[in-house]
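Read the figures in this text as sums done on the coordinates, not as results from a lab. Source: prediction; values computed, not measured. Neighbour counts run over all protein chains shown; Cβ positions are idealised from the backbone, glycine included.
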Amino acid sequence: MRPRRLVHRGVVRAAGFLVDEALAGEAAARRRAVALAPARVRRVAAGLLVELRAPAWVDCARAPGAPLVALGGALSAAPLDRGELAALAPPAGAALLVVGGAVVVVGPDEGQPEDPAAWLDVSAFGLAEVAPLGDPLVEPARAPVEPPPVDLRRALALGPLPREAAQVAQALARGAGAGAPPPTAELLRRALAGMARLARAIAFLSALLSRRRGRPAAKGAVVVVARRGRAPGGWYRRLGAALRSAAARWLVRARLAPFVGRRQAEYLAQTLDMFDAGDLDRALRHAVPIAGGPGGAASPPALTVPTPREQLGIELARTGAASSLYLGHDLLSALRARYRRALERLAAEGRHEEAAFVLAELLGASEEAVSFLERHGRLRLAAELAEGRELAPGLVVRQWILAGDAGRAVRIARRTSAFPDAVARLEPAHREQAAALRLLWADHLASAGAYAAAVDAAWPVESARPLAAAWIERGIEIGGLAGARMLARKARLAPEAFADVAARARALLGDDGAEARLAHAAFGQGLLEGAPTPETRLLARACARALLPRRGEPSVKQLLGRLLAAAGDPLLAADARGLAGGDAAAPEDVRVAAGSSSSRGTPPRARDGVVMVLAAQGDPREDDGSAGRALPWRGALFAVMDEWSDARLRTTPSELAARVALDELTRRPIAAELLGQRLGEALAAASSALFREAHDADRIGFMRLLFYGCAGTAVAHAADRLWIAHVGNTRAYLLRAGLLFRLTLDHTLIEDLLAAGRLTAAEAEEYVPRRFLTKSLGRFAAVEPDVLYVTLCRGDRLLLCTDGIHVAVDDGAIRALLAKHADPRQASEALVRRARAQEGQARDPARQARTPDNATAVVVDFRGRGLPVALPEVDVSPVRCACAPSSRAIARSAGGAGALPVLDAALLPGGRALVALGEAGVRLLSPDGRTLVHFAQPAHRLVISDHGDRALALAQRGEAHRIARIDLVGRRARAWRDARLAWFAADFDGDVWFVGAQGGAHAIDALDDGWQALFRLDAPGAGACAVARGARACSLLAGSDVWTYELPALCMRARWEIERPEALRCAAPSPRGVVAAWKAGEDGGALQAGLIERPSAWRALPLKAARPEVDAVASDELAAFAHRSDAGCEVALFDVAQGAERARIALEGATAVRLRLQGDRLVVADDRGRLLAVATDSGEVVAEWRVS
């Protein structure tokens, strides 16, 4: 079941936590679990399940893991409603975890029990003799005379006892002898009095320090919305907490805590009497807060009686109580009821700020206080309170807009990416302010070069559409794929300008270059966004005609079918069918239903049947596999994994293989014609990951390597084609027109002997090692899967199964069962039941004495008018898998060099290039090498915007850099400033640029004329020395640590340490934290190229450098290395997942090379005036320039 809300938010009462080891790392996860002093720890699929001894209030944003809240006798990681809880019906004591967006029920006895004490390695500890440092210890001597009684209440300044208590004390004192007090009595009395004065001084100093912590900022100061999870306050806060903790321990050991508690009880009784008497002024000054400390954390205990307030004021900053009284449930309820009655009375009397004080300070309801102040016109105070209390950024931005401070609202929205949320909060009741914020949002996006997003933001505002039209023009001028999409958008949004759009579309569709062909597809996809209009129908016809010559390409065929449907031209559709030689498949008419079943009672972490759905953007998500579920036209993924493992590892082979394969498929867009190749690469990457996991000597022995791995068959469906990648002895069958076809061949010894003719079919029946695998995932570092495709027909049924099915059930029975059951789920369940029934009679004699094997079946039906009528044959076409491609060699001789050294270069939309020529300036080059514009700004390095509309030119000036801004659309350049930069990112989003200076990492406002940092990260480790950013992540290499942050929130997601960082040269992280580097050998010999991945595993690549002039650059998928040789410079491109070499480039005569990875292109520039753009998937040179 997929819950409506996936995680808890705000402050919750947690009874446990789920600590994700994959996210935090094993060591950090264990430290967190131990720090919680748990009552019970279990290892489950999602991580460490920690159950607390007693529930505790926690802030979800600062929790050590996913909080588990008690719901209906179970612990839930999501805020389920009653209906969802009833549907799950979990047993008492179960844990409800959210994995992959779905709720997983973990029984009270499931999981592997963990003993935190076993995590501590004490094998190296030894016993030491303990001796006192002071005088020898002796038994205390009994005092000869008892000391006289001492008035402790007077010594501690606690005041007289109540009359009843005094009578009890006198009765207890009767009968005590009276005599002359010995000299020690006076000393004891003075000591107690001194201790009391010390306790009061400590409490006063701690309170004073706490009040300093909560002092509001000076008037007019810019207060930034603090990010959750930041470090605690300054030294004064830590000192105050330490003093208060020491004083509390002293009171407990001295057995004086009950006296303090009695005085506090008297104070609370007086406060309740004041509320009951209606004396609100005095009552509110004496009232104590009933909310916890910051984020719901418990405040330290109060050491003295609370002091009445001098005035009623609202603390704008989130400070929490300096200390708190420990109150029972009944007393809390009584206080809360009185505070609510006081709130109603103050609101009725028009005392709005005092009422807000009750909400914010006494009840801890900051958001309710903001709403109350807004209703009563205190807009600025509401905004200040929302910001100071760190409420949702969208709410903070909304309040500042209502308060009339748009500048502050924009600054906060930029820091927190809160524009969409703030607009959504404003639109229901404040449409005028929402429209104003939309325009501010759109202006910010356009200023950063995100013109398409700016148009989307501004278009709902009618008066802003002329401005949006200007942004559309700017986007079209940029060109490339984004420009083609903007042209299609202009046709939809500005029909009055259709003549201009049609002329530009004819020019675009008439170009037949490589970049233009990609733009054709982008233009067609843009036309399909939204409902058809008369203008888009005409352009869809023109685009379809331009794509007809390429109708054989799978991706074009898919797009062509949709364009024909959108054009609504039956004659053109008929011509297309005639050219195709039959009925072209209409992808939207292909429907898929799937069902899966497994005999293994495994938890969800080791599911063997996988059913995935390709969303509209092409990213897979896991489906529930329910029978009859129609899947989107874009396609789906199906797979079976069959594992074997004798090792007790954190991750099972099938789980690891499935996760790695899915990551490989989803990390970048996939063209339909490359789907089979990418599917094979995904399985190959999974095999590499399993191999590395199995060879970790700390967790698995050598003999167990033979019993670790898995077999897998993965199928991707797109339009009318099935792509199949296969390794091992899992199988794929196709049932068509009542006939069963086997699509895959087992990678077993017996199949190889049969194929080689060394074994007959009769001999094969008696051959004992029937299932000895010759190829599997994880056995070798590199594996090449079998990849093939099948053209679908209407009514086809696909079966994916493990050997637990096809060994126990013969092909005839499989065909009969598939034909008997119309529902895919029923068919898969019937196959599993038959396999279990036939287990004892299996053809494999070895199986009869073994534990029953896993039997998993995934059955998929393909229907729809878009598929041709089934024919009694299946054409299986093999595909060459490029998962382990041979490296492409590229060489450029010194004779073809240019005249000017190229110090840096970047590709731009439309096939253009931007080159840095040092003091000679910057040039914008056309695809054919012409200089379109020369910018007279010195540049040794370039920083390129993601949108390709602007750049920064950096020139070294001693310890500083001279920075200039370049507007590539307006073709203007101007100096910005000089700055000391230790390092900087080579690209930016047009808005924020990450640099390193003065011991920290700064996010520079690239739109501001000054040198302003939107936020800063204190320098971790030895200071950041390299950075890489992507659309959603950013990684800093800081000394020996790699820090990975999520963007744009800048929340830290991972941190890990590199071993022997001093041996690395030119280390370069990727946005997700993979480090490409050169490593010096211990003997000081040649440098070795390699990759470092968590947890600090060095993976050497087949590349060495004899000279120290080296360079490296990395993305999440690829890594490129450059080094100097005797003949010139050499560049090698590697795949990160497999470590396979994609291309090797030799540049004769070059002495320096600059590398840049841009999407699916490697840009190589050298000091001999050569610039190459290499396709990273094929290793081919797709563009080349000579600069003279």
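Annotations for the structure displayed:
- Charge tally around residue 68: other residues with Cβ under 11 Å, Lys/Arg +1 each, Asp/Glu -1 each, net 0.
- Highest mean packing first, where packing is the average number of other Cβ atoms within 10 Å per residue, the peptides 922-931, 1006-1015, 1173-1182 line up as 1173-1182, 922-931, 1006-1015.
- Neighbourhood net charge (12 Å Cβ-Cβ; Lys/Arg +1, Asp/Glu -1) for residue 888: -1
- Per-peptide packing, taken as the mean over residues of other Cβ atoms within 10 Å, places 1165-1172, 821-828, 730-737, 1-8 in the sequence 1165-1172, 730-737, 821-828, 1-8 from highest down.
- Under Karplus coefficients 6.51, -1.76 and 1.60, residue-wise ³J(HN,Hα) of the stretch 1161-1166 in Hz, glycine/proline x: 10, 9, 9, 10, 10, 10
- Global form of the stretch 1058-1188, assessed from the alpha-carbon gyration tensor, a/c cut-off 1.5: oblate
- Averaged over residues, the count of other Cβ atoms within 10 Å places the peptides 106-114, 374-382 in the sequence 374-382, 106-114, highest first.
- In this structure, the amide hydrogen of residue 46, modeled 1.01 Å from its nitrogen in the peptide plane, lies closer than 5 angstrom to no residue at least 5 positions away or on a different chain.
- Shape analysis of the stretch 429-587 places it in the prolate category; the axes a ≥ b ≥ c from the Cα gyration tensor give an a/c of at least 1.5, with a/b above b/c.
- Distant-in-sequence amide H partners of residue 908 (H built 1.01 Å from N, under 5 Å): 913, 914
- Selected from 419, 469, 399, residue furthest toward positive end of dipole (the stretch 368-521; charges at beta carbon): 399
- Cβ crowding within 10 Å, taken as a proxy for footprinting-reagent exposure, orders 290, 1092 from fewest neighbours to most as 290, 1092.
- Candidate lysines - alpha carbon under 26 Å from residue 1104, same-chain residues fewer than 8 apart omitted: 1079
- The Cα atoms of the stretch 428-516 give a gyration tensor whose axes a ≥ b ≥ c have a/c of 1.5 or more with a/b greater than b/c, which makes the shape prolate.
- Here the stretch 339-388 and the stretch 482-516 have alpha carbon centers that stand 55 Å from each other.
- Taking a Cβ cut-off of under 14 Å around residue 957, the surrounding Lys, Arg, Asp and Glu residues balance to a net charge of +1, with basic ones at +1 and acidic ones at -1.
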